[in-house]
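Asker: What follows is a single structure, and I will ask about it in a moment.
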Amino acid sequence: MENMEEQNIDSSLEYLSEEAYQKLEEELRDLIKNKRMEISERLGESSSLGDLSENAEYQEAKDAQLMNENRIAELEDLLGRTVILSSEKRNRDKIELGCLVILRKDESGVERKYQIVGSEEADPVENKISNESPLGLCLLGKKKGDVVRVVTPAGEVRYNIMKIQ
């Protein structure tokens, strides 16, 4: 984990807010401390039921163990390559990862607020768009007043950048 000083985006790294990073750390701790113990107990109980080759409970516990260990490895890898986006050092003159941006759609005049986040944190329902998405890629480095054109399956959409926070 490192803090982001400049906006040099490295595709081998993951960019997360402090909040998202903490949630993933919490999930990892839970998987290691609680879930492992729970699965271990299930394995112990089910192995005492007899022939393991025909023991569905044992096989389910082994499958759960494999899934848990895979998720632990995935989270350890992800957290090890994470850059935490700091709002304190953010440049408010241009759009970069972590920024909140208010855009106005040209044809409808509708304004929407988006946050530019790393792909792991993206959530369209919460208007958190990935820096790797077509809109995210178009916005990075732009300034208030700029117009961006985004090609979508429905055609080209133009947005005016109204505000950067």
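Asker: Charges at C-beta only: +1 for Lys and Arg, -1 for Asp and Glu. How large is the resulting dipole of the chain about its Cα centre, in Debye rounded to 20?
Answerer: Computed about the Cα centre, the dipole is about 1320 debye.
Asker: Using the eigenvalues of the Cα gyration tensor, what equivalent ellipsoid semi-axes result for the stretch 77-143 when each is taken as the square root of five times the eigenvalue, whole Å, largest first?
Answerer: Working through the eigenvalues yields semi-axes of 22, 14, 10 Å.
Asker: Taking every pair of alpha-carbon atoms in the chain, give the share separated by more than 24 Å as a whole percent.
Answerer: For the chain, the share of Cα pairs beyond 24 Å comes to 50 percent.
Asker: With unit charges on the beta carbons (Lys and Arg positive, Asp and Glu negative) and the dipole taken about the Cα centre of the stretch 2-85, which residue among 56, 17, 72 sits farthest to the positive side?
Answerer: The one lying farthest along the dipole's positive direction is 56.
Asker: How long are the semi-axes of the equivalent ellipsoid of the stretch 2-85, taking √(5λ) for every eigenvalue λ of the Cα gyration tensor, in whole Å from largest down?
Answerer: Equivalent ellipsoid semi-axes, largest first: 38, 12, 6 Å.
Asker: Give the residue from 138, 152, 118 lying farthest towards the positive end of the charge dipole for the stretch 100-164; charges sit on Cβ (+1 for Lys and Arg, -1 for Asp and Glu) and the dipole is referred to the Cα centre.
Answerer: The Cα lying farthest towards the positive end belongs to 138.
Asker: Springs between alpha-carbon pairs under 10 angstrom, Gaussian network model over the chain: which of 130, 86, 46 fluctuates most?
Answerer: 46
Computed from the coordinates by the stated procedures, all read-outs in this text should not be read as laboratory data. Bear in mind that the values here come from a model prediction, so they are computed numbers and not experimental data. Neighbour counts are summed over all protein chains in view; Cβ atoms, including those assigned to glycine, are modelled from backbone coordinates with ideal geometry.
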